[in-house]
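Trainee: First the structure, which I've put down as structure tokens, then a few questions once you've had a look.
Quick note: the coordinates plus some simple rules give every number you see, no bench work behind them. In this text, all values refer to a predicted model and were calculated from it rather than measured experimentally. Glycine gets a Cβ as well: all are built from the backbone with ideal geometry, and neighbour counts include every protein chain shown.
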Amino acid sequence: MGREPRVGVGVLIFRGENVLVGRRLGAHGRGEFALPGGHLEFGESWEDCAKREVLEETGLQLSNLRFETAVNSVFGEAAHYVTIFMRGDADEAAEARVLEPDKCEEWIWVPWHDIPRPIFFPLQLLQESDYEPIKWKIDP
Ligand code: 8DG
Ligand code: MG
Ligand code: MG
């Protein structure tokens, strides 16, 4: 890993008050619950990255991609990501499948305020911020 920050994209998909999270496998954040997502590729839009990562990892087809917020994820000396949080809508009937079993153990829908621990650091930063996904869902 170089000494420059990278861009990570985390994707929020809600079903009612439940959000989709997966338990990570592999070195970085192993055993921790995280949003689907991955690295922004060179030249890629945030929307395309969010759609692509979610399709690769879960098989869900997202529409209505939008930017929510961003956090500065400094993992001590180990890594530094600027995390872009995108949000998208999936068909209510579609199932989230484990398509990268080497990277994610399971996908589960959990209440936003009750995500099981341990939580992957960027998602923890999001939870601790003033971001309120549920309230924002209610249109005036
Ligand atoms: P890729 O090679 O397919 O692009 O990535 P990946 O294999 O899906 O790796 P990842 O670990 O899921 O994502 C790459 C990095 O993105 C991760 O190590 C740290 C950063 N990242 C954040 N926030 C989030 C997040 O909310 N979810 C995920 N999955 N990754 C995130 O900074
Ligand atoms: Mg990926
Ligand atoms: Mg990923």
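Trainee: Check the range 104-111 and report whether any residue there is in contact (Cβ under 8 Å) with a residue 12 or more places away in the chain, of a type in the set (Asp, Glu) and crowded, with 16+ Cβ neighbours inside 10 Å.
Mentor: no
Trainee: Does at least one position in the range 24-35 carry a residue that is of a type outside the set (A, V, I, L, M, F, W, C), closer than 17 Å to Asp91 by Cα, near ligand 1 (Cβ under 8 Å from one of its atoms) and surrounded by 14 or more Cβ atoms within 10 Å (Cβ to Cβ)? Don't jump to the end; show me each part of the working.
Mentor: Taking the range 24-35 first, the residues of a type outside the set (A, V, I, L, M, F, W, C) are 24, 26, 28-32.
Among the residues that remain, those that are also closer than 17 Å to Asp91 by Cα are: none.
Within the range 24-35, not a single residue is of a type outside the set (A, V, I, L, M, F, W, C), closer than 17 Å to Asp91 by Cα, near ligand 1 (Cβ under 8 Å from one of its atoms) and surrounded by 14 or more Cβ atoms within 10 Å (Cβ to Cβ).
Trainee: List the pairs whose first member sits in the range 1-20 and is under 18 Å from Gly38 (Cα atoms), whose second member is surrounded by fewer than 14 Cβ atoms within 10 Å (Cβ to Cβ), and whose Cβ atoms are under 8 Å apart, counting only residues at least 6 apart or on separate chains?
Mentor: Listed pairs, sorted by first residue: Met1/Ala78; Arg6/His39; Val7/His39; Gly8/His39; Val9/His39; Val19/Pro111.
Trainee: Can you report the number of residues in the range 4-23 which are touching a Pro at 6+ places or on another chain (Cβ under 9 Å) and buried (at least 17 other Cβ atoms within 10 Å of the Cβ)?
Mentor: Qualifying residue count, the range 4-23: 11.
Trainee: Could you give every pair whose Cβ atoms fall below 9 Å, whose first residue belongs to the range 23-41 and is within 21 Å of Ile13 (Cβ to Cβ) and acidic (Asp, Glu), and whose second residue is away from ligand 2 (no atom under 12 Å from the Cβ) and in a loop (DSSP other than H, G, I, E, B), counting only separations of at least 6 or pairs across chains?
Mentor: Glu32/Arg117; Glu32/Pro118; Glu32/Phe120
Trainee: Give the range 37-82 a look and list any residue that's of a type in the set (S, T, N, Q) and either near ligand 1 (Cβ under 10 Å from one of its atoms) or part of a helix (DSSP H, G or I) (or both), or say none.
Mentor: Of everything in the range 37-82, those that are of a type in the set (S, T, N, Q) and either near ligand 1 (Cβ under 10 Å from one of its atoms) or part of a helix (DSSP H, G or I) (or both) turn out to be Thr58, Asn72, Ser73.
Trainee: With of a type in the set (D, E, K, R), within 19 Å of Glu132 (Cα to Cα) and away from ligand 2 (no atom under 12 Å from the Cβ) as the only criterion, which of Glu105, Glu68, Glu95 stands out?
Mentor: Numbers: Glu105 fails: within 19 Å of Glu132 (Cα to Cα); Glu95 fails: within 19 Å of Glu132 (Cα to Cα).
The match here is Glu68.
Trainee: Going by the structure shown, is Arg23 away from ligand 2 (no atom under 13 Å from the Cβ), closer than 22 Å to Glu106 by Cβ and not hydrophobic (A, V, I, L, M, F, W, C)?
Mentor: yes
Trainee: Does the range 59-81 contain any residue that is within 16 Å of ligand 3 (Cβ to nearest atom), in contact with a Pro (Cβ under 6 Å, 6 or more places away or on another chain) and touching a residue at least 12 places away in the same chain (Cβ under 8 Å)? Walk me through how you get there before you give the answer.
Mentor: Kept after step one, since they are within 16 Å of ligand 3 (Cβ to nearest atom), are these residues of the range 59-81: 59-60, 62, 73, 75, 79, 81.
Next, only the ones that are in contact with a Pro (Cβ under 6 Å, 6 or more places away or on another chain) stay: 73.
Pick out the ones that are also touching a residue at least 12 places away in the same chain (Cβ under 8 Å) and you get 73.
Scanning the range 59-81 turns up at least one residue that is within 16 Å of ligand 3 (Cβ to nearest atom), in contact with a Pro (Cβ under 6 Å, 6 or more places away or on another chain) and touching a residue at least 12 places away in the same chain (Cβ under 8 Å).
Trainee: Name, by its number, the condition in (1) buried (at least 18 other Cβ atoms within 10 Å of the Cβ); (2) over 17 Å from Glu32 (Cβ atoms) that does not hold for Ile115.
Mentor: So Ile115 meets the others, but not (2).
Trainee: Can you name the residue in the range 85-103 that is of a type in the set (A, V, I, L, M) and farther than 16 Å from Gly37 by Cβ and, of all such residues, is surrounded by the most Cβ atoms within 10 Å (Cβ to Cβ)?
Mentor: Step by step, filter the range 85-103, then rank; the result is Ala94.
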